[in-house]
Amino acid sequence: MDHRSYDKYIIKIAEYGNLTKAAASLGISQPALSSGLTNLETALGFKIFNRKSTPITLTREGELYYDYITRLHVLEEDFRQRIDCCRDKVNLKAVIGGPVAYVESMVTSTVIELSKVHTDYKFDIKCSPLAELIELLSRGEINCFICTSDTIPDNFEKKLVKREKVFLCIPRDNPLNESISDYSIESGNYCEYFDYSVLDGEEFIFLEENQPLYSQMNKFFEDNRITPKNRITVNQVSTALRLSAKGGGISFVSEGALENTDLSRICVYPLPDTISGRSIYVAYDRELSMPVACKDFIHYLIDHKNETIGV
């Protein structure tokens with residue numbers, strides 16, 4: 001029995017959770033689909049779906065089998081791309097992903113510089129949160145992505161691009177700046193840290209718990225015995241920065257988010273090593289072929305690390 005001929009059945013049933021709808025999308029009758037599924041389950045020796053549930057769900061063994069055939073599909077697509085690369089210039093196109101802050105800074109600047117040197121390269125850029133980037137890479141829809149997380153699938157490779165600093169952004173009209181402005185990145189004395197106790201009771205813009213900076217913010221507050229006020233919580237550093245610029249409160253902002261940003265409405269202060277030093281990685285699937293344009297993108301990122309803000 002050729003199991004592969006039934007793969008599309010499994011994918012459609014999992015997608016719709018209903019045999020009738022899956023059969024309609026495949027252009028076959030529901031009895032034919034049900035019979036084919038039964039034949040496959042008999043040949044494999046386990047049930048793929050729990051047909052008694054509504055919608056139909058994968059069994060534990062079925063989840064493993066579904067992961068196997070979807071992964072196999074990605075590998076087949078990769079094989080076809082490798083063949084295409086032998087025939088034409090498909091490998092001159094790269095699809096790069098990343099969170100908004102890093103796309104707007106690291107990705108765009110690197111793509112522009114590479115495009116100047118390699119006029120035949122083509123780049124697609126996708127802005128997405130980490131979970132979606134992992135899914136896109138798993139499906140072979142992007143070639144690599146930028147991230148700050150150490151938690152990525154085992155089959156992914158990640159390379160350190162740089163260590164990123166973190167800054168404190170205070171709305172320019174906040175009276176605090178009058179006493180601490182000597183320590184901003186504009187002053188030239190920014191390597192000296194001011195007395196952070198003056199921040200006690202100030203309004204801060206918080207990040208959600210799943211954001212990498214969240215735990216560092218809390219540690220900063222604890223180390224400096226600061227009790228912040230909080231009315232606004234966001235899920236993106238770039239959003240926190242925009243709110244600070246509009247007077248919404250003090251924010252913790254990564255170096256990447258500050259690059260190419262108008263600082264006329266905020267004062268920016270560097271933070272000590274206890275909250276600075278986030279690692280930025282470029283991640284890719286080691287099992288899939290990589291277009292030459294993507295390889296050059298990664299090499300350029302590593303060889304031309306962005307300089308620190310204000311230096």
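The values are calculated or read from the model by the stated rules, or taken from the named source; none is laboratory data. The structure presented is a predicted model; accordingly, all values stated were derived computationally and were not measured. For neighbour counting, all protein chains shown are included, and Cβ atoms are generated from backbone atoms with ideal geometry for every residue, glycine included. Note: areas computed on protein heavy atoms with side chains; ligands, DNA, RNA excluded. Shrake-Rupley method; radii C 1.70, N 1.55, O 1.52, S 1.80 Å.
For region 101-124, name all the residues that are in a helix (DSSP H, G or I) and either within 14 Å of the chain's Cα centre (by Cα) or touching a residue at least 60 places away in the same chain (Cβ under 8 Å) (or both).
Correct list: Ala101, Tyr102, Val103, Glu104, Ser105, Met106, Val107, Ser109, Thr110, Val111, Glu113, Leu114.
Pick from region 266-302 the residues that are loosely packed, with under 15 Cβ neighbours inside 10 Å and at pLDDT 85 or above: which of them is nearest to Phe194 (Cα to Cα)?
Ile302
Find all pairs meeting these conditions: Cβ atoms under 6 angstrom apart; at least six residues apart or on different chains; first residue within region 180-199 and over 19 Å from Ser264 (Cα atoms) and at pLDDT 80 or above; second residue in a loop (DSSP other than H, G, I, E, B) and of a type outside the set (Val, Ile, Thr).
Final answer for the pair search is Tyr196/Asn224.
Given (1) open to solvent by less than 60 Å² (accessible area, probe 1.4 Å); (2) over 26 Å from Leu33 (Cβ atoms); (3) at pLDDT below 85; (4) of a type in the set (A, V, I, L, M, F, W, C), identify the lone condition not met by Ala94.
Of (1) open to solvent by less than 60 Å² (accessible area, probe 1.4 Å); (2) over 26 Å from Leu33 (Cβ atoms); (3) at pLDDT below 85; (4) of a type in the set (A, V, I, L, M, F, W, C), only one is false for Ala94: (3).
So, in region 16-53, exactly how many residues are assigned to a helix (DSSP H, G or I), in contact with a helix residue (DSSP H, G or I) (Cβ under 7 Å, 6 or more places away or on another chain) and not hydrophobic (A, V, I, L, M, F, W, C)?
Total satisfying the criteria: 6.
Yes or no: region 77-90 includes at least one residue that is open to solvent by less than 30 Å² (accessible area, probe 1.4 Å), assigned to a helix (DSSP H, G or I) and either of a type in the set (D, E, K, R) or in contact with a Pro (Cβ under 6 Å, 6 or more places away or on another chain) (or both). Show your work before the answer.
Looking only at region 77-90, we keep the residues that are open to solvent by less than 30 Å² (accessible area, probe 1.4 Å), and these are 78.
Then keep just the ones that are assigned to a helix (DSSP H, G or I); that gives 78.
Subsequent filtering for residues that are either of a type in the set (D, E, K, R) or in contact with a Pro (Cβ under 6 Å, 6 or more places away or on another chain) (or both) retains 78.
Yes, region 77-90 has at least one match.
Would you please name the residue that is modelled with the highest pLDDT, looking only at residues in region 208-217 that are open to solvent by 60 Å² or more (accessible area, probe 1.4 Å) and outside any helix (DSSP H, G or I)?
Glu208
Restricting the search to region 219-251, which residues are of a type outside the set (Ser, Thr, Tyr), at pLDDT below 90 and under 18 Å from Glu104 (Cβ atoms)?
Result: Asn235, Gln236, Val237.
Just give me the residues in region 54-76 being assigned to a loop (DSSP other than H, G, I, E, B) and either open to solvent by less than 60 Å² (accessible area, probe 1.4 Å) or closer than 14 Å to Tyr9 by Cα (or both), in sequence order.
We begin by selecting, within region 54-76, every residue assigned to a loop (DSSP other than H, G, I, E, B); these are 54-56, 59.
Listed by number, the residues that qualify are Ile56, Thr59.
Please verify whether region 125-137 includes one or more residues that are touching a Ser or Thr at 6+ places or on another chain (Cβ under 6 Å), in a helix (DSSP H, G or I) and surrounded by fewer than 22 Cβ atoms within 10 Å (Cβ to Cβ).
yes
Is it true that some residue in region 33-49 is in contact (Cβ under 8 Å) with a residue 40 or more places away in the chain and surrounded by 14 or more Cβ atoms within 10 Å (Cβ to Cβ)? If you could, list the steps in order and put the result at the bottom.
To start, the set of residues in region 33-49 that are in contact (Cβ under 8 Å) with a residue 40 or more places away in the chain comprises 43-44.
If we keep only those that are surrounded by 14 or more Cβ atoms within 10 Å (Cβ to Cβ) too, we end up with 44.
Looking through region 33-49, at least one residue is in contact (Cβ under 8 Å) with a residue 40 or more places away in the chain and surrounded by 14 or more Cβ atoms within 10 Å (Cβ to Cβ).
Pick out the one residue from Ile146, Ile205, Ile170 that is farther than 14 Å from Ser251 by Cα and either assigned to a loop (DSSP other than H, G, I, E, B) or open to solvent by less than 20 Å² (accessible area, probe 1.4 Å) (or both).
The conditions single out Ile146.
Pairs, please: C-beta under 9 Å, at least 6 apart or cross-chain, first residue β-branched (Val, Ile, Thr) and in region 16-32, second surrounded by 12 or more Cβ atoms within 10 Å (Cβ to Cβ) and outside any loop (DSSP other than H, G, I, E, B)?
Thr20/Gln30; Thr20/Leu33; Ile28/Tyr9; Ile28/Gly36
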